[in-house]
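Notes follow once the structure below has been shown.
The values are calculated or read from the model by the stated rules, or taken from the named source; none is laboratory data. Keep in mind that this is a model prediction, so the values were computed, not measured. Using ideal geometry, Cβ is built from the backbone for each residue, glycine included, and neighbour counts are taken over all protein chains shown. Remember, those area values only see protein heavy atoms, side chains included, never the ligands or the DNA or RNA. Shrake-Rupley method; radii C 1.70, N 1.55, O 1.52, S 1.80 Å.
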Amino acid sequence: MMKQTNNILGLAIAVSLVSALPLNASASLDDLSSAVSSGKAYGDLRLRYENVAQDNSADDANALTLRTRLGYTTGAYEGFSAGLEFEDSRVVAGENAYELPGPARPAGYTVKGKSVVADPETTELDQGFLQYQGENYKVKLGRQVLTMDNHRYVGHVGWRQDRQSFDGASLQWSPTEEFSAHYAYLGQRNRIFAEQADIDSKDHLLNLGFETGIGKLSAYAYLLEVDSANHNALDTFGLRFSGGTSSDDIKYLYTAEYASQRAEAGSSGYDADYFMLEAGAVLKGVTAKLGYEVLGSDDGGYGFSTPLATLHKFNGWTDQFLNTPTQGLRDIYLSVSGKLAGGSWLVAYHDFAADDSATSGVDDLGSEIELLYKRKFHKHYNAGIKYAMYSAGDAAANKVDTDKLWVWVGASF
């Protein structure tokens, strides 16, 4: 299926390029050459150390990896442009004392008995696309990075060294300043675990946005399906409103979101809801937010799922809840952030509980404290340090105390 998808995309790109040529072939070739040569090359490097310590039999993990991303985007020709980007992740100085998660393990992988760090060594085509830009719309065909709203349902998982991208076609349309529409069809999910874990799919993503004077209202439908012989579907419909307003020296922030989900696997079907409320304020450069997020459960048998999301961004940096437990998840969180010494800092706290404690017999799912400081240097350089400490709750939740530390430096050009 993957080869067939790539062949179809390649043929479509070739047909589009040929159809874009005007009758004056000589002039068109000169213009095309100028568009290609007037493009922009770019690169991004991130060297990161990650330490994971867990209260279980696994030894502490230590990983030092370098992610290199190199790309080129052409100039425009008759509205058309193209982009090509490669990504590589390598272990540095032999510091690979960590376990890969199951999906990232290649054939013949030897288990090390270490804690997991989800950064496999890999070299991949991260993006390769043809794009057409019209007056109020943009069409993109090929391998591409996609995000929608706040990454809760569709994101690039940029925190990991192997970023998530998708093979397919997307359309962005903005007929007015207030209204926008974003649709995408995905034939393959290129996940963060290297090529062996990529998934053929038949996904339809639709997100509509309307800007009001006090915030943005979004309506979405994400219809996901793995391309396999087994019947499966994950359909999510929802509404989101997020914005802010100012009064005197204070800016008030607010977000509300609700979604319903239907999951089908074979002859089984489950229904679950999503709910989120967040309020915040900005005063003298300090931002405080209080939120309540619920990923619902279907009577303890299924937990609300967001498989295309930038999951590390939500429900704790130690990644305890990348897969929502069947009893669901309630997350009450508080964060305070601001500026310091040319950079930015953040302190956050999460309190986790089961959405359906009566059926599962599990209630307390633990808590987490998070600390972050990062800053940029001389425009092209950046560095940061980040720490998260998870304290486990009920033993039946199958979680253990976990500490994670990250230190990184980066450069972009």
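In degrees, nearest 10, range 0 to 90: what is the angle between the Cα axis of helix 2-20 and the longest Cα principal axis of the chain?
Here the helix axis deviates by roughly 40 degrees.
How long are the semi-axes of the equivalent ellipsoid of the range 169-327, taking √(5λ) for every eigenvalue λ of the Cα gyration tensor, in whole Å from largest down?
Ellipsoid half-lengths, sorted descending, are 31, 21, 16 Å.
Using only Cα atoms, what Kirkwood radius does the range 39-104 have, in angstroms? All intermediate terms of the calculation are to be shown ahead of the outcome.
On the way: mean 1/r = 0.0680 Å⁻¹.
Mean inverse Cα-Cα distance, inverted, gives 14.7 Å.
Checking the cross-link filter: which aspartates and glutamates have an alpha carbon closer than 19 Å to that of Lys284, excluding same-chain neighbours under 8 positions apart?
Output for Lys284: Asp248, Asp249.
Within the chain, which is the longest segment that contains none of the trypsin sites (Lys or Arg not before Pro) sitting in a DSSP loop with at most 11 other Cβ atoms within 10 Å?
On the way: sites that count: Lys284, Lys379.
Segment 1-283 is the longest.
Taking a cut-off of 17 Å between Cα atoms, list the lysines near Lys216, but don't count ones fewer than 8 places away on the same chain.
The reachable lysines, counting only those whose Cα sits under 17 Å from Lys216, are Lys251.
I need the Kirkwood Rh of the chain: take the reciprocal of the average 1/r across all distinct C-alpha pairs and report it in angstrom.
23.4
Hey, can you find the accessible area per residue of the range 213-324 for me, probe 1.4 Å, expressed in square angstrom?
With all protein chains present, the range 213-324 gives 48 Å² per residue.
Could you grab the relative contact order for the range 203-289? Cα pairs under 8 Å, six or more apart, rounded to a whole percent.
The normalised contact order for the range 203-289 reaches 21 percent.
Given Ser335, Ala411, Tyr137, which one lies farthest toward the positive end of the charge dipole of the chain, if we put +1 on the Cβ of every Lys and Arg and -1 on the Cβ of every Asp and Glu?
Ala411
Among all stretches of the chain without exposed GluC sites (Glu not before Pro) (DSSP loop, at most 15 other Cβ atoms within 10 Å), which one is longest?
Maximal segment without exposed cleavage sites: 179-413.
Where does helix 25-37 land angle-wise versus the long Cα axis of the chain, in degrees 0 to 90, nearest 10?
30
Using only the Cα atoms, work out Rg/Rh for the range 50-171, with Rh taken as the Kirkwood radius, to two decimals.
Details: Rg = 18.3 Å, Rh = 16.7 Å.
Rg/Rh: 1.09.
Using only Cα positions of the range 261-413, each an equal point scatterer, no hydration layer, compute I(q)/I(0) via Debye at q = 0.09, 0.10, 0.12 Å⁻¹ and quote the log10 values to two decimals.
Log10 I(q)/I(0), no solvent term: -0.36, -0.44, -0.60.
Share of the range 270-413's accessible area from carbon and sulfur, percent, 1.4 Å?
Carbon with sulfur: 59 percent of the solvent-accessible area.
Can you tell me the relative contact order of the range 67-131? Whole percent, Cα pairs under 8 Å, sequence separation 6 or more.
40
Could you quote the convex hull projected area for the range 309-397, Cα atoms only and averaged over all directions, in nm²? Intermediate results must be reported in sequence, preceding the final value.
Working: hull surface 26.2 nm².
That works out to 6.5 nm².
At 10 °C and 1.306 mPa s, grab the translational diffusion coefficient of the range 248-289 from Stokes-Einstein with a Kirkwood Rh over Cα pairs, rounded to a whole number in µm² per second. Can you show the working numbers first?
On the way: Rh = 13.2 Å.
In µm²/s, the coefficient is 121.
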